[in-house]
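See below for the structure under consideration.
The values are calculated or read from the model by the stated rules, or taken from the named source; none is laboratory data. Computed from a prediction, not measured in an experiment: that's the story for all the values here. Virtual Cβ from ideal backbone geometry, glycine too; neighbours counted across all protein chains shown.
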Amino acid sequence: MNAVVLSLDAELAWGYHDLSEVPEHVESARTSWSRLLALFDEFDVPATWAVVGHLFLDSCDGEHTGHVAPTDDWFDRDPSGVAERHPLWFADGLIEDIANAKANHEIGCHTFSHVEYGDERTTREVAVAETRASLEIADDTGYDLESFVFPRNNIGHRDVLAAYGFTCYRGTRPELWYDETRLQSLAKVIDLAVSRTSPPLVTPETDEYGLINIPASMFLFGYEGRVRTLTERIWDDPLIRSAKRGIDRAAATDEGIFHLWMHPNNFTEERDFERLRIVLEHLAKRRDEARVQVLTMGEVADQLRETDPATTRTPIGPR
């Protein structure tokens, strides 16, 4: 399967509500979300948008009584109220924008309130509550969720996803040579700028629960800030170069998928959008040459389930 998959963790302020502070750049997250949709439309490139379930709501009381959470203070930052007054805590039209875009995007799940399923505080009861709430709210607004992205890529409770009818999830990136080094960050920068290791192609596999694991290949924002500025003064943007190599590897072989992921929240400067524009332009060129497919996570899962009858199953939980 020579294919490229793009997935986005669409979370707005929910991606930070359990941390010490919500960073200022989240204020521009809605604009970034809309600009990304316009870029994807420009090149007619679809992506899987894994959306935090709370964003589907029009309003809430902020208490979420009866919703099992990992900690007693889990919803303390939830401002409650209506979408119009708290645009960073509700989608307020952004999900409809995904559905109505020219590019044929997929809407996936990123839990209800950005719970890390692999965290030791996340019991099975919490995972069930988060999964069920996401599916019920999405269904109430007319969306069917098939693909799942774990917050902070912290994987856990896959049995719950299988029970509720999900078909696939984004797995973790295969290890690279610098992952276990003492100076990992420095080694990563050197590799991107000098050694130029190609990002890995990944092979989707069916796990023990019947879910299809579609691992990540590369995060589009591997390093930023001063390091990025310094590197770009000496070389071109190494992440653009790396993403192009991943696309070209996928185009040259049918042995794997290049899976690129990002957050709308990552796009805070004009150069961030320019980075994605250059990558999408390159991807569209390879696609138009009929050298590579651009698929959503759900489409990858559907293709694999069509070719492997052993992966076909009936959901055992409500959707």
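Of the residues in the range 96-118, at least one is on the phi > 0 side of the Ramachandran plot and touching a residue at least 60 places away in the same chain (Cβ under 8 Å). Of everything in the range 285-319 that's surrounded by fewer than 16 Cβ atoms within 10 Å (Cβ to Cβ) and over 17 Å from Gly165 (Cα atoms), which residue is modelled with the lowest pLDDT? If we take residues in the range 285-319 being surrounded by fewer than 16 Cβ atoms within 10 Å (Cβ to Cβ) and over 17 Å from Gly165 (Cα atoms), then Asp308 is modelled with the lowest pLDDT. Yes or no: the range 248-266 includes at least one residue that is assigned to a helix (DSSP H, G or I), closer than 15 Å to Ala216 by Cβ and small (Gly, Ala, Ser). Looking through the range 248-266, at least one residue is assigned to a helix (DSSP H, G or I), closer than 15 Å to Ala216 by Cβ and small (Gly, Ala, Ser). The residue pairs whose first member lies in the range 135-160 and is more than 14 Å from Val51 (Cα to Cα), whose second member is at pLDDT 95 or above and part of a helix (DSSP H, G or I), and whose beta carbons are closer than 7 Å, counting only pairs six or more residues apart or on different chains, are His157/Arg124; His157/Ala127; Val160/Arg124; Val160/Ala127; Val160/Val128; Val160/Thr131.
The set of residues in the range 56-113 that are small (Gly, Ala, Ser), within 18 Å of Ala133 (Cβ to Cβ) and touching a helix residue (DSSP H, G or I) at 6+ places or on another chain (Cβ under 7 Å) comprises Ser59, Ala69, Ala91, Gly108, Ser113. Of the residues in the range 63-74, at least one is under 24 Å from Ala162 (Cα atoms), surrounded by 14 or more Cβ atoms within 10 Å (Cβ to Cβ), modelled with pLDDT of 95 or more and of a type in the set (Gly, Ala, Ser).
Just name the residue that is surrounded by the most Cβ atoms within 10 Å (Cβ to Cβ) out of those in the range 15-38 that are of a type in the set (A, V, I, L, M, F, W, C), in a helix (DSSP H, G or I) and touching a Phe, Trp or Tyr at 6+ places or on another chain (Cβ under 7 Å). Checking each candidate, the answer is Leu36. Assessment of the range 44-56 against the conditions (of a type outside the set (Ser, Thr, Tyr), surrounded by fewer than 18 Cβ atoms within 10 Å (Cβ to Cβ) and outside any helix (DSSP H, G or I)) yields at least one matching residue. Against the conditions (1) in contact (Cβ under 8 Å) with a residue 40 or more places away in the chain; (2) over 22 Å from the mean Cα position of the chain (by Cα); (3) assigned to a loop (DSSP other than H, G, I, E, B), Ala91 satisfies every one except (2).
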